[in-house]
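The values are calculated or read from the model by the stated rules, or taken from the named source; none is laboratory data. Note that the structure is predicted; figures quoted are calculated from it, not measured. In this analysis, Cβ positions are derived from the backbone assuming ideal geometry, glycine residues included, and neighbour counts consider all displayed protein chains. The accessibility values were calculated without ligands, DNA or RNA, using every heavy atom of the protein model including side chains. Shrake-Rupley method; radii C 1.70, N 1.55, O 1.52, S 1.80 Å.
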Amino acid sequence: METHPQATGEAKPRTALVLSAGAMFGAYQAGVWQALEGRVQPDVVVGASVGSLNGWAIAGGMPAAMLAERWLSLEAAGRIRFRWPRRLLDGWVEAGYLQLWIQELHSRLQPQCEFALVMTRVWPLRPELVKAPEVTWQHLADSCAMPFLFPHYRLQGALYTDGGLMQALPLWAARQFECQRVIAVNVLPTFPLPGRQLASSVMRGLSRHSFEEPNGHVLRIQPLHPLGGVSDFMVWSRHRAQRWLQQGRDDAERAIASPFWCV
């Protein structure tokens, strides 16, 4: 069983909260934070794709109940509207709601702890970690930019895409913050799109980036079974969001009750 650092006079271990990619499954992460809020104070929050949005909200001090309510009020994402893009980087899906959500979230909140997000650089192919205060709303948007579907933004002349493209859960990022404990919330232990896992493995093989995980204790919180299929992953529904919020709360409660995790 882990020893309390206060009892030994040791410095308090640094804790990172790492949130995976997952599109509409991100509601599960909000449910996890409802269970953790007030019981865990992360020193660092790292997110990829939708995890960057939830992470920005958590690092910025948004109450868990408010974050959950946002996930229950995404009617604009209730169906996919395709369009003919003026440029390929504009994406084939009408995602104005997403841009407004990101801009409002970024302008309203600023991180109260260390925060970083993961984007994927298209060439040379590699994931990149961007830390606050350098994070702009375009960084958040690029972290969520599913290839060909959502708008992409060039940043400093480079093209970036979805931060979860090569690896849904960026545990490697926690190493850069020298955290001894990591709470890893992964809504995509298996990807609902056939062939995606293989494609991600191939891309990691082509990249020279190190995906080595942290040495400290990692508490993994994830659903025991897939949260849904491709349509559930892409299209919002209040009923599914409610179910995933509850499932995230339940799974987090079980995880932090572990005798091997001291919060």
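Modelled this way, with points 7 Å down the Cα-to-C-beta line, the labels at residue 66 and residue 258 are 3.1 nm from one another.
Calculated accessible area for the chain comes out at 48 Å² per residue, all protein chains present (probe 1.4 Å; ligands, DNA, RNA ignored). Residues 49, 201, 107, ordered by accessible area of protein heavy atoms at a 1.4 angstrom probe radius and largest first, appear as 107, 201, 49. Dimensions of the stretch 49-114 from C-alpha coordinates, computed as largest minus smallest value along each principal axis and given longest first, are 40, 24, 17 Å. Between the beta carbons of residue 149 and residue 104, assuming R0 = 30 Å, the FRET efficiency works out to 0.90 to the nearest 0.05. Kirkwood analysis of the stretch 98-166, using all unique Cα-Cα pairs, places the hydrodynamic radius at 12.2 Å. Distance between the pseudo-spin-label points of residue 82 and residue 12 (7 Å out from Cα toward the beta carbon): 5.2 nm. Projecting the alpha carbon convex hull of the stretch 1-135 along each direction and taking the average yields 10.8 nm².
With a 1.4 Å probe and every protein chain kept in, tell me what percent of the accessible surface of the chain is carbon plus sulfur.
Values: 6890 of 12500 Å².
Looking at the chain in its full context, I get 55 percent from C and S.
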